[in-house]
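Q: Can you keep this structure in mind? I'll have questions shortly.
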Amino acid sequence: MTTKEKVFYFWGIMDVICIYYYIIKPFSSVGDLISSAGGGVFMAIYFIAAGKVWTALYVLIFIFTPVSLFFSAWFFFKKRDYAIRFALIQEVFRFITVRCSIPFFLWILAKVDTPDGSLGLSLSLVMVMIPAEILKIGSLMYVAKKYPVKRDVDERHEKWPPDPIE
């Protein structure tokens with residue numbers, strides 16, 4: 001098993017655990033999940049109508065970031081070349097919504113007695129989220145540099161002008 005496969009399997013498993021932590025655990029049924037997502041979409045529509053486009057965008061990002069975990073996990077398990085690019089784009093949304101890539105760190109933070117409010121949020125960001133995201137971005141960049149995607153020129157684009165048919 002190559003380093004690329006190990007890293008991809010690790011992050012695929014972390015995404016599956018995040019699916020449990022961010023989607024399955026908070027909702028007791030599929031109906032709760034659908035009603036919550038539907039309510040979020042209607043809330044975003046309300047904010048757009050009220051002229052608060054940035055708030056609406058945040059609500060939509062907050063709703064659809066956990067949904068993107070399904071795709072991310074699938075790409076990692078299938079060892080797709082674009083899994084790294086998708087995960088790096090997803091990292092931006094994780095920072096916006098303050099969702100950690102390694103859910104075990106969140107469980108550890110839940111066991112530690114942290115103060116509430118902005119101090120607790122800043123402690124969780126510094127102690128948990130930033131190191132986890134640095135680990136993810138660093139490992140993915142390492143894999144991208146060690147195993148570059150090699151494509152033949154003819155594979156990417158059709159040869160132009162085409163050869164004459166004889």
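Q: Name the residue, out of PHE47, PHE42, PHE71, that is in contact with a helix residue (DSSP H, G or I) (Cβ under 6 Å, 6 or more places away or on another chain) and either modelled with pLDDT of 85 or more or not aliphatic (A, V, I, L, M) (or both).
A: The match here is PHE47.
Q: Take the residues in segment 7-41 that are exposed (fewer than 12 other Cβ atoms within 10 Å of the Cβ) and among the charged types (D, E, K, R), then tell me which one is nearest to PRO66 (Cα to Cα).
A: Among those that are exposed (fewer than 12 other Cβ atoms within 10 Å of the Cβ) and among the charged types (D, E, K, R), it is LYS25.
Q: Here is a list of conditions, (1) open to solvent by 70 Å² or more (accessible area, probe 1.4 Å); (2) in a helix (DSSP H, G or I); (3) of a type outside the set (Ser, Thr, Tyr), and MET1 meets all of them except one; can you say which number that is?
A: (2)
Q: Within segment 38-72, track down each residue that is of a type in the set (Gly, Ala, Ser), assigned to a helix (DSSP H, G or I) and farther than 19 Å from SER101 by Cα.
A: GLY38, GLY39, GLY40, ALA44, ALA49, ALA56
Q: Tell me which residues, restricted to segment 79-107, are at pLDDT below 90 and farther than 18 Å from ILE19 by Cα.
A: Residues satisfying the conditions are LYS79, ARG80, ASP81, TYR82.
Q: Can you tell me which residue is nearest to GLN90 (Cα to Cα) among those in segment 108-158 that are modelled with pLDDT under 70 and among the hydrophobic types (A, V, I, L, M, F, W, C)?
A: Ranking the qualifying residues of segment 108-158, first place goes to LEU125.
Q: Filter segment 42-60 down to residues that are of a type in the set (Val, Ile, Thr) and crowded, with 16+ Cβ neighbours inside 10 Å, then give me how many there are.
A: Matching residues across segment 42-60 total 1.
Q: Any chance you could count how many residues in segment 62-91 are among the acidic types (Asp, Glu) and closer than 15 Å to MET14 by Cα?
A: 1
Q: If the Cβ limit is 6 Å and pairs must be 6+ apart or interchain, which residue in segment 130-151 that is within 19 Å of CYS100 (Cβ to Cβ) pairs with which residue that is of a type in the set (Val, Ile, Thr)?
A: Sorted first by the residue in segment 130-151, then by its partner, the pairs are ALA132/ILE102; SER139/VAL7; LEU140/ILE84.
Q: Another question about this same structure. Exactly one of these conditions fails for ILE102: (1) in contact with a Phe, Trp or Tyr (Cβ under 9 Å, 6 or more places away or on another chain); (2) buried (at least 16 other Cβ atoms within 10 Å of the Cβ). Give me its number.
A: (1)
Q: Of all residues in segment 61-83, which are open to solvent by less than 20 Å² (accessible area, probe 1.4 Å) and among the aliphatic types (A, V, I, L, M)?
A: Answer for segment 61-83, where residues must be open to solvent by less than 20 Å² (accessible area, probe 1.4 Å) and among the aliphatic types (A, V, I, L, M): LEU69, ALA73, ALA83.
The values are calculated or read from the model by the stated rules, or taken from the named source; none is laboratory data. Note that this is a predicted model, so its numbers are computed, not measured. Positions of Cβ are backbone-derived with ideal geometry, glycine not excepted, and every protein chain shown enters the neighbour counts. Remember, those area values only see protein heavy atoms, side chains included, never the ligands or the DNA or RNA. Shrake-Rupley method; radii C 1.70, N 1.55, O 1.52, S 1.80 Å.
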